[in-house]
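The values are calculated or read from the model by the stated rules, or taken from the named source; none is laboratory data. Remember, predicted model here, so these are calculated numbers, not experimental data. Here the Cβ is made from the backbone with ideal geometry for all residues, glycine too, and neighbour counts use every protein chain on show. Note: accessible area is taken over every heavy atom of the protein model, side chains too, but ligands, DNA and RNA are not part of it. Shrake-Rupley method; radii C 1.70, N 1.55, O 1.52, S 1.80 Å.
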Amino acid sequence: CCGFPVSVFFIIINEFCERFSYYGMRAVLVLYFKYFLHWDDNLATAIYHTFVALCYLTPILGAIIADSWLGKFKTIVSLSIVYTIGQAVLSVGSINDLTDHNRDGSPDNVSLHIALSMIGLILIALGTGGIKPCVSAFGGDQFEPDQEEQRSIFFSLFYMSINTGSFISTVVTPNLRAKECGIHTKQRCYPLAFGVPAVLMAVALVVFIIGSRMYKKVKPQGNVMLQVSKCIGFAIKNRFRHRSKEFPKREHWLDWASEKYDKQLIAQTKMVLKVLFLYIPLPMFWALFDQQGSRWTLQATAMNGDFGISIQPDQMQVVNPILIIIMVPVVDSLIYPLIKKCKFNFTPLKKMTVGMFLAALAFVAAALVQVQIDKTYPVFPAAGQSQIRLINLGVTPATVQFQPQMKSVDVAPKEATGYMTFETSKLQSLHIISESLNKTQPLQLLEGKRYTLAFEHLITTIETSLAFDNVTSKPDEGQNLIRFINNYHVSLNITMGDMAFGVLPPLSVSNYSSIPGGKQSYLIKASGGQFRSCSVVSKKFGFGGAYTISVDDCSMAYNDLNVTYFEDIAPNTVHMAWQIPQYFLLTCGEVVFSVTGLEFSYSQAPSNMKSVLQAGWLLTVAVGNIIVLIVAGASKLSKQWAEYVLFAALLLVVCIIFAIMASFYTYIDPNEIEAKFSEEEKEEDKKDQDDSEKQVEADSRM
């Protein structure tokens with residue numbers, strides 16, 4: 001088809017579906033840990049990075065199985081089945097109704113959900129990691145030696161399918177997660193968010209199998225990684241055996257393998273180890289890079305996602321693939337040529353150093369954004385303290401004195417104070433004075449709790465209502481909390497949208513109910529007494545706020561409900577767009593680090609050892625995610641911005657170390673070295689042939 005083997009199109013479709021499945025699942029994973037399994041930020045981050053590390057450790061296993069045992073085709077099919085089962089198990093584990101027997105909206109057996117989720121993730125890691133080194137190589141196997149141009153185009157299409165699958169899934173699955181679904185109670189729709197990737201993985205498997213008869217299947221020819229490992233192991237063991245001074249030293253410690261392995265394999269292993277030595281500092285870059293899906297996504301949950309349409313926190317990850325599509329051609333066709341014109345020798349290792357520096361700057365930017373977010377967080381009472389705020393529901397001003405003789409506060413009509421903090425043991429009562437009326441309200445507050453005291457000046461008395469505010473943090477996922485207070489003289493039945501707040505007696509307060517964040521308005525209705533059915537369209541609440549809405553009156557002529565809004569917790573005011581600079585810096589770092597790193601590795605590796613360096617490169621990603629576990633667990637920093645600064649500082653130190661290591665590196669041309677060995681081998685063969693001919697001649701004379 002157009003000069004291409006038809007089989008490669010099955011492989012490209014398979015890769016698109018598989019990448020959609022993986023990145024779609026991964027996009028919502030950390031929020032699933034936090035909001036469904038109810039893990040804290042640190043545990044959710046730790047398990048997320050453990051999973052990613054496992055995904056980048058298993059490719060080594062997949063490569064060994066494919067090259068030494070099953071072959072690429074059977075390995076891809078076998079592990080894709082494991083992969084599909086894992087996605088299905090994860091989706092089933094996220095079904096709330098599976099164990100919600102009492103139908104209260106919470107799983108009754110969280111351990112079962114955790115067990116299913118972990119089994120599913122382990123199977124996914126085995127599947128996605130195992131097929132990672134096989135699919136692209138299997139696609140390359142489909143071409144003839146004279147189809148180099150078509151092979152190059154195939155790899156471009158293959159890479160495009162990866163980015164397209166990643167982009168689309170990162171947009172789609174967070175929207176699926178944000179929907180509400182369930183049999184008995186409505187919850188965030190994680191089963192759908194994980195179920196669609198599971199279906200796509202099943203499609204990927206079916207598509208790949210359909211093309212079975214068209215594939216060119218190369219038989220396993222042994223894994224070069226095992227040969228290299230055996231060569232290194234023998235050299236170390238042999239050197240240890242001959243450690244006494246009576247044995248002469250050799251030029252390189254790998255030369256101790258010469259008794260068993262040929263010179264060319266030893267020379268190639270030296271080249272590989274030289275590059276792998278430079279890989280030692282690289283995991284620190286990936287430690288920062290992969291936090292896009294964990295810490296940065298959690299950061300976005302405390303931000304304003306209003307872009308004209310509501311953007312989910314986990315959708316911000318889509319900025320990375322968008323910027324990659326833009327930045328790769330810009331850097332290749334504009335930035336690098338400009339640097340070259342300036343006659344600056346911008347070597348691959350210098351590019352990688354710049355990439356590390358840009359990633360460190362990205363985390364400095366993330367820290368600055370986090371500082372601004374922290375300023376919007378409410379301050380809750382500490383041990384031994386209580387907080388109280390006042391709402392004046394009347395039309396006359398009032399003065400409230402906290403007893404015994406602590407402070408005095410003026411409260412204007414239809415206004416509320418902020419939360420005031422007191423030592424619980426000292427605050428006994430408060431005295432309200434409004435015009436000619438006054439009232440003393442005794443208080444018995446609990447430590448560490450928040451309260452709202454609403455009061456109203458009536459004709460002959462001051463009515464009060466003390467409500468316990470059972471909110472201990474900002475609402476999750478940018479949602480809003482809404483409650484009502486009945487500021488009318490008869491009981492009212494209040495609804496908002498499809499939520500019923502029940503019948504509220506005069507001056508009583510409902511419980512908080514959660515509504516999605518965004519620019520959506522709701523119809524508030526109240527009925528009872530003279531209120532036949534009065535209504536009003538609510539204001540737009542934004543993201544992450546908590547509000548008390550006072551139902552004051554109804555205009556009988558038009559049945560318009562009069563309400564007053566009181567802000568209990570301020571909404572998220574830092575916009576998600578402020579994350580774009582940190583994504584931009586990190587993506588620029590990725591372009592000059594990752595792309596250049598792979599190019600450098602391949603240019604410095606022998607032709608038959610590219611897979612060894614690919615395994616080493618993937619291993620740096622796995623180690624990077626393990627570093628996140630170690631640093632996040634050991635730092636014990638209470639502020640998230642401080643952790644960002646810590647990671648930035650660590651990468652900056654590693655960047656300096658890498659720059660020093662790179663300055664001592666001498667670039668080589670493996671092709672020249674291999675050609676030299678080929679010539680020597682030919683000369684030896686010729687010499688052996690000449691010797692053989694001479695021997696035959698000598699034998700014939702005898």
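Which trypsin sites (Lys or Arg not before Pro) in segment 540-638 sit in a loop by DSSP (not H, G, I, E or B) and have at most 16 other Cβ atoms within 10 Å of their own Cβ?
On the way: sites: 540, 610, 636; in loops: 540, 636.
Here the sparse-neighbourhood loop sites are 540, 636.
Of the peptides 148-158, 487-497, 199-209, how do they stack up when ordered by the mean number of other Cβ atoms within 10 Å, highest first? Don't skip to the end; give the middle numbers.
Working: 148-158: 14.6, 487-497: 18.4, 199-209: 20.4.
Put in order of decreasing packing, that is 199-209, 487-497, 148-158.
Given the peptides 409-419, 168-178, arrange them by the average over their residues of other C-beta atoms within 10 Å, most packed first. List each step's numbers first, then the result.
Numbers: 409-419: 15.6, 168-178: 21.9.
Final packing ranking: 168-178, 409-419.
Under a 1.4 angstrom probe, counting protein chains only, how are 246, 447, 144, 477 ranked by accessible area, largest first? Provide the component values of the computation, followed by the final result.
Working: 246 150, 447 115, 144 85, 477 20 Å².
Ranked from most to least accessible, the order is 246, 447, 144, 477.
Using 22 Å as the Cα-Cα cut-off, could you pick out the over-long pairs in 426/449; 426/639; 245/274; 343/676? Intermediate values should be presented prior to the final figure.
Working: 426/449 15 Å; 426/639 31 Å; 245/274 27 Å; 343/676 32 Å.
Too far apart for the 22 Å limit: 426/639; 245/274; 343/676.
Can you give the translational diffusion coefficient of segment 394-477 in µm²/s, computed by Stokes-Einstein from the Kirkwood radius over Cα pairs at 10 °C and 1.306 mPa s? Could you put the intermediate results ahead of the total?
Working: Rh = 13.9 Å.
Taking Rh from Cα pairs, D becomes 114 µm²/s.
In the chain, how does Rg compare with the Kirkwood Rh, expressed as the Rg/Rh ratio over alpha carbon atoms?
Numbers: Rg = 33.4 Å, Rh = 30.0 Å.
Using Cα coordinates only, the ratio equals 1.11.
Quick one: if you stick a label point 7 Å off each Cα along the C-beta vector at residue 115 and residue 186, how many nm between them?
Here the modelled spin labels are 3.3 nm apart.
Could you tell me which residue out of 546, 596, 232 lies farthest along the dipole of the chain toward its positive end? Charges go on the beta carbon: Lys and Arg +1, Asp and Glu -1, centred on the Cα centre.
The residue sitting most towards the positive pole is 232.
Within segment 1-222, what is the number of lysine pairs with alpha carbons under 16 Å apart, leaving out pairs fewer than eight places apart on the same chain? It would help to have the intermediate numbers written out before the result.
Values: 72/132; 72/216; 72/217; 72/219; 74/132; 74/216; 74/217; 74/219.
Close lysine pairs under the 16 Å cut-off: 8.
Quick one: of the DSSP bridges fully inside the chain, what percent are antiparallel, nearest 5?
That works out to approximately 80 percent antiparallel.
Calculated from DSSP H runs of 4 or more alone, at -39500 (n - 2.57) each and per residue, what is the 222 nm mean residue ellipticity of the chain, nearest 500?
Values: 18 runs with 354 residues, N = 702.
Value at 222 nm, helices only, nearest 500: -17500 deg cm²/dmol.
Let me know the Kirkwood hydrodynamic radius for segment 147-278, please, with Cα pairs as the basis and the value in Å to one decimal. Intermediate results must be reported in sequence, preceding the final value.
Working: mean 1/r = 0.0482 Å⁻¹.
One decimal place: 20.8 Å for the Kirkwood radius.
I'd like the projected area of segment 472-571, averaged over all directions, using the convex hull of its alpha carbons. Report it in nm² with one decimal. Walk me through the intermediate numbers first.
Working: hull surface 23.2 nm².
Over all viewing directions, segment 472-571 projects a mean Cα-hull area of 5.8 nm².
Would you work out which of 485, 299, 468 lies farthest towards the positive end of the dipole of the chain, given +1 charges on the beta-carbon of Lys and Arg and -1 on that of Asp and Glu, about the Cα centre?
The Cα lying farthest towards the positive end belongs to 468.
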